[in-house]
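**Q** Got a structure for you, written out below as structure tokens; questions coming shortly.
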Amino acid sequence: MMGIHKNPGYGANTANTWTNDGVSFGARTRAAKARRRVIVAAIVIGLIFAPVAPAAPVPVAYAAGLVPFSVRVGLNFNASSPSSQAASSYQIHCDTGVSLGTASTQTGAGAGTGAGADADAGAEAGGGADAGAGADAGTGAGAGANGSAYSHLYDFAFDNEAAQMVLSKFAFGKKIAVTTGRGAGSFYDVAGRVQALRQKGYDPVLAYFGGWVLIVGYYDTWEAAAGAVEGSFTDAFPDFGFMAESLSGKYILVTLEGVRQFIFDASVENLRVSPRPAAAGGDGGQRGMIVLDGEERRGAIELVRCGQIDMAAVNIIEMDEYLCGVVPNEIQAGSSAEALKAQAVAARTYAVNNIGKHAAHGFDVCSTTHCQVYGGYESENERTSLAVMQTSGRIVTYNGRPAEVFYFSSSGGYTANVKHVWNSDRDYPYLVGVVDSYESGLSYRYTWETVYTAQEIKSRLASDGVDIGDVTGVAVTKTSAGGHAIEVTVTGTRGSKVYSNGACRTFLSNLHSQMYSVFASSPGDPTGAGSGIAYTSIGVSGTGQSVSGGGEAIGSGDKASAFAGNGGTAISNAGYVGLPARGKTFHFVGRGWGHGVGMSQEGAKGMADAGFTYAQILMHYFPGCAVG
């Protein structure tokens with residue numbers, strides 16, 4: 001029988017992909033799963049809580065008022081390398097057509113004038129072809145997602161199912177443009193000048209620079225542009241009001257089926273594309289789904305050009321619709337219903353706390369493991385969507401405010417205290433280590449082993465600028481009450497390096513948790529001190545046992561099954577004290593998968609199977625919190 005298991009990448013922000021016997025499934029199969037790894041500062045006081053029987057629900061105030069209406073999700077974005085993830089263009093399709101508008105990135109700011117015109121006039125101004133669109137553009141402005149001002153510009157109806165609108169980054173070859181139409185009134189006033197200009201030999205380009213204008217010429221200097229305005233243009237059209245404008249901003253070129261429609265100045269405002277309402281009597285005026293680069297998305301799409309990124313697509317979506325695209329990518333959709341609800345509430349709470357996390361990039365959260373994995377409409381699942389809707393508006397709170405909530409795959413039997421992972425000095429008494437006795441023990445990477453050679457460890461340290469010579473030993477020198485490594489010492493021929501807390505997991509790229517021990521081994525003479533030497537291994541409590549060859553030692557529990565270097569001291573028969581085990585290979589043997597802070601997803605599944613409600617699950621992993 002084929003088994004389903006997870007096959008992740010490695011590192012602090014690891015994405016876990018569900019696979020069937022090692023074969024990965026993508027988002028289109030609705031089987032892609034991932035685990036976020038978020039580095040957030042916090043510190044808590046120690047508290048252990050292990051459920052024995054389901055506790056009575058705690059009545060709390062309903063928290064829906066604390067949940068934002070919508071979320072801005074950055075697509076195609078990698079937090080570690082934002083510029084490399086910026087797209088040069090995006091293809092958009094919607095069966096009902098699209099509506100375009102402007103959205104200010106600043107709350108309450110104006111977002112353009114948007115005077116009315118039909119699509120045929122826009123196509124004519126942009127290059128002469130009929131765009132095949134119908135409805136007039138509106139002039140109304142209103143509050144958009146997260147309070148940003150929004151103004152509708154234009155509607156396009158696509159003639160056929162294959163029609164693609166392409167939005168691409170655009171750069172002018174010159175520094176200054178001569179324009180006409182600024183302040184002329186309606187869009188009709190601007191577009192109506194196209195034929196007159198063409199008759200005089202000009203090639204006008206429709207543009208939206210905070211208002212509709214026609215670009216009629218490009219120049220390298222202000223002097224040349226001013227001369228053209230005062231000379232040939234004004235002489236030919238004295239009433240058109242030509243002016244010179246800088247072209248130093250960031251632009252988006254809008255084309256429909258290869259025909260240029262207009263150029264949008266994105267240096268101040270964003271270009272928003274929404275599904276166009278269907279005609280009355282069709283689907284009841286419902287908006288269609290936007291297809292962005294072949295992937296269906298709910299809500300609207302904004303094109304953002306700001307900060308480090310070149311051009312990013314942002315999905316503007318309602319909170320619960322966002323979560324419908326998150327939950328199936330963070331937990332198996334086949335899990336028990338109460339575990340799915342616990343995941344939905346945890347994901348909603350995380351989103352509430354992270355609105356604006358990527359404000360510098362023009363959106364709230366990204367769609368990767370840096371925040372939460374969001375797969376859009378095509379990754380949705382009926383069971384996880386039901387869990388989202390059944391918990392709509394509910395979040396985890398502490399003292400009436402949204403709690404800092406984290407989750408991960410499995411704990412190996414005990415969750416981590418956040419101060420032993422992320423080194424914060426803030427006091428969050430609910431982010432503490434708790435006994436996690438409901439994990440099955442059979443989940444993928446509940447137990448694991450990773451092997452490094454001494455040379456591999458040396459190379460890995462060197463890539464981080466650490467040079468301690470040849471690696472001779474690796475030891476867990478301090479553990480937490482729950483058994484997590486919180487101090488690891490790597491010894492070399494030219495010194496040593498100590499790693500603390502979360503670095504105990506990340507200093508090597510694929511250690512799956514902080515709950516592990518290290519054993520050293522090598523063929524022949526593991527100590528490098530010559531064959532035939534006998535050793536006495538002393539455990540941390542002082543118990544000794546004679547071993548030969550230096551290959552065994554008493555570990556922190558005074559058990560002879562451990563290898564040398566695991567928290568003990570080796571004394572040779574020649575009287576050398578503290579002689580390290582010089583293993584050529586180091587075995588990291590551990591339990592659990594992930595950072596270990598907050599809710600264990602495998603534990604949540606086990607608790608749900610044992611009869612706990614989603615609220616009881618969350619209050620176990622976040623003791624002292626309420627769910628409302």
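**Q** What does the highest-first list of 289-301, 460-472 look like by mean Cβ count within 10 Å?
**A** My ranking of the peptides, most packed first, is 289-301, 460-472.
**Q** A further question on this structure: Once amide H atoms are built 1.01 Å from N in the peptide plane, which residues 5 or more positions from THR453, or in another chain, come under 5 Å H to H?
**A** Result for THR453 returns PHE586.
**Q** Let me ask something else about it. What does the highest-first list of 509-518, 225-234, 597-606 look like by mean Cβ count within 10 Å?
**A** Those peptides, ordered most packed to least, come out 597-606, 509-518, 225-234.
**Q** What distance in nm separates the simple spin-label points at VAL498 and ASP203, each placed 7 Å from Cα in the Cβ direction?
**A** Modelled inter-label distance: 7.0 nm.
**Q** Okay, moving on. Roughly how many Å² is the accessible area per residue of region 394-475, as a whole number, for a 1.4 Å probe?
**A** For region 394-475, the per-residue accessible area is 41 Å².
**Q** A further question on this structure: Counting only protein heavy atoms and using a 1.4 Å probe, what share of the accessible area of region 144-280 belongs to carbon plus sulfur, as a whole percent?
**A** 52 percent
**Q** Go ahead and run the numbers for FRET between ASP235 and GLU257, Cβ-Cβ distance against an R0 of 60 Å, rounding to 0.05.
**A** 0.95
**Q** Right, next: Any idea how far apart LEU442 and ASN510 come out in nm if each label point goes 7 Å out from Cα toward Cβ?
**A** So the label points at LEU442 and ASN510 sit 2.6 nm apart.
The values are calculated or read from the model by the stated rules, or taken from the named source; none is laboratory data. Note that the structure is predicted; figures quoted are calculated from it, not measured. Cβ coordinates were reconstructed from backbone atoms using ideal geometry, including for glycine residues, and neighbour counts include every protein chain displayed. When the accessible area is computed, the model is the full protein with side chains, heavy atoms only, and any ligands, DNA or RNA have been set aside. Shrake-Rupley method; radii C 1.70, N 1.55, O 1.52, S 1.80 Å.
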